[in-house]
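The values are calculated or read from the model by the stated rules, or taken from the named source; none is laboratory data. Fair warning: this is a prediction, and the values are worked out from it, not measured in the lab. Using ideal geometry, Cβ is built from the backbone for each residue, glycine included, and neighbour counts are taken over all protein chains shown. Each accessible area value is taken on the protein alone, full model and side chains, heavy atoms only, with ligands, DNA and RNA left out. Shrake-Rupley method; radii C 1.70, N 1.55, O 1.52, S 1.80 Å.
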Amino acid sequence: CMNYMLPLSYAWGNFSVLAVGIWAIVQRDSLDAITMFLTGLLLTVLTDIIHISIFYPSHDLLSDAKRFSVGMAIFSLLLKPVSCYLVYRMYRERGGE
């Protein structure tokens with residue numbers, strides 16, 4: 001997000017899911033908050049794949065900062081399934097089916 005290689009929709013999507021995640025942590029009894037957080041995480045997995053594949057720069061335009069930015073975006077994408085699993089377990093603990 002800091003290198004401006006990916007569009008603003010990438011940042012807005014991830015930061016909005018982060019805000020919903022904070023809401024889900026604060027309201028421990030709310031099943032709606034954790035459901036929205038899990039849905040948002042699953043949607044950002046799809047949109048992150050699309051953003052990275054469309055806006056990945058060509059090899060000759062890749063500076064060190066852009067390479068680091070893309071690496072962190074891919075690392076975030078790889079950690080999201082683990083986050084989805086942990087959020088699903090929280091969903092089940094709160095009474096979700």
May I ask you to say which residue of Ser53, Ser63 is open to solvent by less than 60 Å² (accessible area, probe 1.4 Å), among the small types (Gly, Ala, Ser) and either over 30 Å from Glu93 (Cα atoms) or touching a residue at least 12 places away in the same chain (Cβ under 8 Å) (or both)?
Ser63
State the number of residues belonging to the range 42-83 that are in contact with a Gly (Cβ under 9 Å, 6 or more places away or on another chain) and of a type in the set (Asp, Glu).
1
Please verify whether Leu38 is in contact with a Phe, Trp or Tyr (Cβ under 8 Å, 6 or more places away or on another chain) and part of a loop (DSSP other than H, G, I, E, B), treating the condition exactly as stated.
no
What's the total number of residues in the range 4-48 that are of a type outside the set (D, E, K, R) and open to solvent by 90 Å² or more (accessible area, probe 1.4 Å)?
13
Do any residues in the range 83-97 that are charged (D, E, K, R) have Cβ atoms under 6 Å from those of residues that are open to solvent by 50 Å² or more (accessible area, probe 1.4 Å), where the two are at least six apart or on different chains, and which pairs are they?
Arg94/Leu31
Filter result for Gly71 (modelled with pLDDT under 85, out of contact with any strand residue (DSSP E or B) (no Cβ under 6 Å at 6 or more places or on another chain) and farther than 17 Å from Gly21 by Cα):
no
